[in-house]
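**Student:** Sharing a structure with you now.
The values are calculated or read from the model by the stated rules, or taken from the named source; none is laboratory data. Since the structure is predicted, the reported quantities are computational estimates derived from the model, not experimental observations. As a convention, Cβ positions derive from the backbone with ideal geometry for all residues, glycine included, and neighbour counts pool all protein chains shown.
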């Protein structure tokens, strides 16, 4: 009986990843630095990116023989939780998580050997160009077309909400063709490719529109063979699982901010944390955070089981998105008037929470996926 119990106790390596990440992020990317970067043109610091690569983060889940660290989803979730605590800016989610996962899921051995080592080393940045409009999260649907050309393909269409598309050296573009859905490796400097930064709610996580005007790529640019829809759906499930961990980290930090403020802010001669209304808010925040952490941890541990992942990923996506948005909003309420100002850090977390809840599918979309997975 005891052999079937799943332990969530972290290993020594996972504890080391957490402690190293927390120390690095607090020292090198404190919230003051986050504010500087979000006001910059790119919202990105290449020196910091190289330092992350030197720590092995950009290749955390890439196989060792391809230059990575060879860790799995659990270790990735530990790192992302710490990144979420500090609303870390930059293309980590886009490149080291989503694009890397797509290449691992769809690419041939030869394609992985070509594409993954420079991503692991932090020498290149990749992103997935998948979505084409609001509330369009199904990877099996695309207006962007891929028609065959002599020895290659011609891509035409437009991709919206491309994470860090303005920074990427490599675009993974989904397009529908004769063989079904395909994923194509495209250079942003190729003829016919246009990259336009979008206005975003969360300036710590940029997005772009990618225009494709009869872009010609070679036959080798297509990842794998056949219809890639199923592999893309699995990649999005894995991405949702990773994003859930980041959301937990952000929600945890919001709760900590509220509790700390409730201890130090005095009204009527005593800390506001002594008032029942504030106590209830903080207690409810703790319940939300711990519930989110439970489902996020579970999802990270069942990624090898297709049936379990189909349930656990959208469950984590829905609960963690809702929890982060709610806790970030309560954090502002606990802080009162100062919490609504630009000078306070609370808005950084609320904006990240709101934008994250829509990145890979809204909570309603995730609940729809969950319903399909359990047959309702």
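**Student:** Output the helices (runs of 4 or more DSSP H) that fall wholly within the stretch 57-137 and possess 3 or more residues being free of Cβ contacts under 8 Å to residues at least 12 places away in the same chain, or say none.
**Tutor:** Helices (runs of 4 or more DSSP H) meeting the threshold: 109-120.
Each row is one residue, and each column tells you yes or no for (1) under 20 Å from residue 239 (Cα atoms); (2) within 18 Å of the chain's Cα centre (by Cα); (3) outside the structural domain of residue 84 (by TED's automatic domain parsing); (4) part of a helix (DSSP H, G or I).
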site	(1), (2), (3), (4)
298	yes, yes, yes, yes
320	yes, yes, yes, yes
342	no, no, yes, no
347	no, no, yes, yes
351	yes, yes, yes, yes
368	yes, no, yes, yes
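Residues are listed down the side, and each one gets a yes or a no for (1) assigned by TED's automatic domain parsing to the domain that holds residue 257; (2) over 18 Å from the mean Cα position of the chain (by Cα); (3) assigned to a strand (DSSP E or B); (4) crowded, with 16+ Cβ neighbours inside 10 Å:
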site: 141; (1), (2), (3), (4): no, yes, no, no
site: 146; (1), (2), (3), (4): no, yes, yes, yes
site: 158; (1), (2), (3), (4): no, yes, yes, yes
site: 168; (1), (2), (3), (4): no, no, no, yes
site: 171; (1), (2), (3), (4): no, no, yes, yes
site: 176; (1), (2), (3), (4): no, yes, yes, yes
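**Student:** Regarding residue 361, is this residue on the phi > 0 side of the Ramachandran plot, surrounded by 17 or more Cβ atoms within 10 Å (Cβ to Cβ) and under 17 Å from the mean Cα position of the chain (by Cα)?
**Tutor:** The answer is yes for residue 361.
**Student:** Within the stretch 40-56, how many residues are under 18 Å from residue 25 (Cβ atoms), part of a loop (DSSP other than H, G, I, E, B) and in contact (Cβ under 8 Å) with a residue 24 or more places away in the chain?
**Tutor:** Result for the stretch 40-56: 4.
**Student:** Additional query: Answer yes or no as to whether residue 205 is out of contact with any strand residue (DSSP E or B) (no Cβ under 6 Å at 6 or more places or on another chain), part of a loop (DSSP other than H, G, I, E, B) and surrounded by 21 or more Cβ atoms within 10 Å (Cβ to Cβ).
**Tutor:** The answer is yes for residue 205.
**Student:** Which of the following residues is surrounded by 24 or more Cβ atoms within 10 Å (Cβ to Cβ) and assigned by TED's automatic domain parsing to the domain that holds residue 315: 240, 264?
**Tutor:** 240 is the lone residue from the list that is surrounded by 24 or more Cβ atoms within 10 Å (Cβ to Cβ) and assigned by TED's automatic domain parsing to the domain that holds residue 315.
**Student:** Determine whether the stretch 182-202 contains at least one residue that is assigned to a strand (DSSP E or B), modelled with pLDDT under 95 and either crowded, with 19+ Cβ neighbours inside 10 Å or out of contact with any strand residue (DSSP E or B) (no Cβ under 8 Å at 6 or more places or on another chain) (or both).
**Tutor:** No, the stretch 182-202 contains no residue that is assigned to a strand (DSSP E or B), modelled with pLDDT under 95 and either crowded, with 19+ Cβ neighbours inside 10 Å or out of contact with any strand residue (DSSP E or B) (no Cβ under 8 Å at 6 or more places or on another chain) (or both).
**Student:** For the stretch 1-38: of the residues being modelled with pLDDT of 95 or more and assigned to a loop (DSSP other than H, G, I, E, B), which is surrounded by the fewest Cβ atoms within 10 Å (Cβ to Cβ)?
**Tutor:** 30
**Student:** Now a separate question. What about residue 213, is it at pLDDT 95 or above and part of a loop (DSSP other than H, G, I, E, B)?
**Tutor:** On the way: at pLDDT 95 or above: yes; part of a loop (DSSP other than H, G, I, E, B): no.
Here the answer is no, as residue 213 does not meet what is asked.
**Student:** Is it the case that some residue within the stretch 114-132 is more than 21 Å from the chain's Cα centre (by Cα), at pLDDT 95 or above and surrounded by fewer than 20 Cβ atoms within 10 Å (Cβ to Cβ)? Please lay out each step first, then the result.
**Tutor:** In the first step, residues of the stretch 114-132 are kept if they are more than 21 Å from the chain's Cα centre (by Cα); the result is 114.
Imposing the further condition that a residue be at pLDDT 95 or above reduces the set to 114.
After this cut, where a residue has to be surrounded by fewer than 20 Cβ atoms within 10 Å (Cβ to Cβ) as well, the list is 114.
Yes, the stretch 114-132 has at least one match.
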